[in-house]
Amino acid sequence: MKGTDMTTTDTYRVTGMTCEHCVGAVTAEIGAVAGVTAVSVDLVAGGTSTVTVQSTAPLDTTTVAEAVDEAGYALAGPRDLPLA
Ligand SMILES: [Cu+2]
């Protein structure tokens, strides 16, 4: 065992979200992924929203994509967003 508070933060882009209900659905689905400790969504209604996910270990992009798909939305790009 090394560190105790290892946290990975990844940023994803999700399209198709339009309101707080969408945010709630995506937050719940991604939040249910094993290892995820926090999900925050920067909503861009009708555009490409930014979803920041914190987890105890690096997540598999496919797993996140499936969670987003489950919520009814689409992952637009994997962890490739440099936050300005
Ligand atoms: Cu909505």
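Quick rundown of the values:
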{"read-out": "Hey, Val44 part of a strand (DSSP E or B) and within 16 Å of the ligand (Cβ to nearest atom) or not", "value": "no"}
{"read-out": "Residue in the stretch 47-68 that is within 12 Å of the ligand (Cβ to nearest atom), among the hydrophobic types (A, V, I, L, M, F, W, C) and in contact with a helix residue (DSSP H, G or I) (Cβ under 8 Å, 6 or more places away or on another chain) present", "value": "no"}
{"read-out": "Scope the stretch 19-39; condition away from the ligand (no atom under 14 Å from the Cβ) and either more than 21 Å from Thr7 (Cβ to Cβ) or surrounded by 13 or more Cβ atoms within 10 Å (Cβ to Cβ) (or both); matching residues", "value": "Ile30, Gly31, Val33, Gly35, Val36, Ala38, Val39"}
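Bear in mind that the values in this text are calculations on the coordinates, not laboratory data. Quantities reported herein were computed from a predicted structural model and do not represent experimental measurements. Positions of Cβ are generated from backbone atoms using ideal geometry, with glycine treated the same way; all protein chains shown enter the neighbour counts.
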